[in-house]
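Visitor: Quick one: this structure, given as structure tokens, is what I'll be asking you about.
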Amino acid sequence: MPPPQDWSERSKDLSQLLARAGLGDRAAFAALYDKTSSHLFAVVLRINRDRAQAEDILQEVYVNVWRAASGFDAAQAQPLTWLTSIARNRAIDSLRRAQTQPQLQAAVANDDEETDVYDAVADETPGPLELLSRAADARALSHCMQGLTAQQRQSVALAFYDGLSHAEVAEKMRQPLGTVKSWVRRALMALKSCLEHAALGEA
Amino acid sequence: MDYSRQALADHLAADYVTGTLRGPARRRFEKLLPAHPSLRTAVDQWQARLMPLTLGLQPQKPPAVVWTRIEQRIGGAPSSKPAAAQRSPWWSQLFVWRGLSVALTVAAVSLSVLLANPGPAQPPVVVVLSATSAPAGGVVPATFVASISSDGRAMVTRPLVNVSLEANRALELWALPASGAPPRSLGLISEKGTTVLKKGEVLKGASGLAVSLEPPGGSPTGAPTGPVLYVGKLNT
């Protein structure tokens, strides 16, 4: 399945930089950081909203990228996909640690039954559904997202963008855990099949 | 792989990439990945499918201090010299040199056995060549010790543990120039016992040594053709 065009366009020159960084070229690595750190920081910050922690995570991500760059295989993955995956994994792992020592968000202070965490931070932070539509330039994916039910879309968006677990998504959507699990699963399978069809259509 | 297992792998990979696979299950899954190519492929595919979703996020510029800390962690200020680009990854990788101080202790002990004759006034240079992770059928991970006379004209190599090698294979020793130029052959070495190499200035300009797996008689091309099995840094 070819990823959406713009994603691969953006990825193209990153492949070069990553390859050179893999050979120990610091200047290439610095250029790679310049071109990608704002994106990865946004990804991390969306999952872990503690800025200090997010900065630490970003640091870890790039130190890892530097060490692993020579193992990057452009035939297996696009660089931006690879980098974003590393950042997401780090951010998700940091949530696990944070959960053992619960962190209070500013928004929680005036939380009540009616308050949605997204309302509290709505000014600067778009909701997950808005993010999905902003990803519209990732055309095939966006098109396939439209094919999902609203509930499926929302459950995937909460899990993917915000790093929520099934249980947290269920809590947020006030739905039984089993229901949410099945929404997410069906949504992902529908996406997969839709993207595969889209790829066949292009071919 | 039958269909149900493949479907399960795909479900797990989807959960992993979406981020809903959590806790111990996530960690177990990560441990399985390196050894299960089909799982790895499923993860790659899901990443390719879903990561473009992050394009919807508004970029957030990290504070400058993050880059400063990264630079400190990866060692040294950024250099703009593209010369480094000439190096092959496996011998410029810093992690290869990690843990050598421990191995050096082992080497120091074995050296007393290794060097039958009392050394010259200048102590010899000792290089420990640690096993890389390069796959090589039938080769037992081991460590080589190379001691080089202080004038750099002779070298003795010896495996700390006997290496079992297939009959049609040989080990070739290479000097790795600090300049990043291609490795220079120093000759074949024995996988069982001591090899004495007499070369003019084997150390000259070299920053490390490596042993590669080659056909009998050594590399036909003058450059390492097989996997690099052992590598060590010159402690100059």
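Visitor: Starting from the alpha-carbon convex hull of the stretch B:16-66, give the projected area averaged over all orientations, in nm².
Guide: Averaged projected hull area, Cα only: 5.2 nm².
Visitor: Could you work out the mean count of beta carbons from other protein chains within 10 Å of each residue's beta carbon in A:29-42?
Guide: If you average over the peptide's residues, the count of other-chain Cβ atoms is 4.
Visitor: In peptide B:61-71, how many Cβ atoms from other protein chains are near each Cβ within 10 Å, on average?
Guide: 6
Visitor: While we're on this one: Would you compute, for the Cα atoms of the stretch A:46-97, the largest minus smallest coordinate along each principal axis and list the three values in descending order, in whole Å?
Guide: 35, 17, 15
Visitor: Nearest 20 debye, what's the magnitude of the dipole of the stretch B:158-236 about its Cα centre given +1 on Lys and Arg Cβ and -1 on Asp and Glu Cβ?
Guide: Using only the charged Cβ atoms, the result is roughly 260 debye.
Visitor: Give me the dipole magnitude in Debye, nearest 20, for the stretch B:1-50 about the Cα centre, with unit charges on the beta carbon: positive for Lys and Arg, negative for Asp and Glu.
Guide: My answer is approximately 240 debye.
Visitor: Heavy atoms of the protein only, probe of 1.4 Å, neighbouring chains included. What is the accessible area of B:Lys233 in Å², nearest 10?
Guide: 90
Visitor: Next question. Bins of 10 Å, beginning at zero and ending with the bin holding the largest distance: percent of Cα pairs per bin for the stretch B:152-236, please.
Guide: Result, from short to long distances: 18, 54, 26, 2 percent.
Visitor: Ignoring ligands and nucleic acids, what accessible area does A:Arg153 show with a 1.4 Å probe (Å², nearest 10)?
Guide: 50
Visitor: Could I ask something else about it? Could you sort A:Cys144, A:Cys194 by accessible area so the largest value comes first, with the probe set to 1.4 Å?
Guide: A:Cys194, A:Cys144
Visitor: May I pose another question? Sorted by accessible area (1.4 Å probe), largest first, how do B:Val125, A:Val61 line up?
Guide: Ranking B:Val125, A:Val61 by accessible area, largest first, yields B:Val125, A:Val61.
Visitor: Mind scanning A:Lys35/B:Lys204; A:Lys181/B:Lys31; B:Lys61/B:Lys233; B:Lys192/B:Lys233; A:Lys35/B:Lys233 and naming the pairs with a C-alpha gap bigger than 32 Å?
Guide: With Cα atoms farther than 32 Å apart: A:Lys35/B:Lys204; B:Lys61/B:Lys233; A:Lys35/B:Lys233.
Visitor: Can you give the accessible area buried between chains A and B, summed over both chains, with a 1.4 Å probe, in Å² to the nearest 100?
Guide: Between A and B, the summed buried area is about 5600 Å².
Visitor: Next question. First select every other residue whose beta carbon is under 15 angstrom from the beta carbon of B:Arg169; then total the charges, Lys and Arg +1, Asp and Glu -1.
Guide: -3
Visitor: While we're looking at this one, here's another question. For the stretch A:5-66, what is the accessible area per residue in Å² when the probe is 1.4 Å?
Guide: Computed with neighbouring chains in place, this is 34 Å² per residue.
Visitor: Same structure again: Of B:His36, A:His166, which has the most accessible area with a 1.4 Å probe, and how do the rest follow in descending order?
Guide: I get B:His36, A:His166, largest accessible area first.
Visitor: Another one. If you count, for each residue, the other Cβ atoms within 10 Å and average over each peptide, how do A:77-88, A:25-36 line up from highest to lowest?
Guide: For the peptides A:77-88, A:25-36, the packing ranking is A:77-88, A:25-36.
The values are calculated or read from the model by the stated rules, or taken from the named source; none is laboratory data. Being a predicted model, the structure only gives us computed values, none of them experimental. As a convention, Cβ positions derive from the backbone with ideal geometry for all residues, glycine included, and neighbour counts pool all protein chains shown. All accessible areas refer to the heavy atoms of the entire protein, side chains included, with ligands and DNA or RNA removed. Shrake-Rupley method; radii C 1.70, N 1.55, O 1.52, S 1.80 Å.
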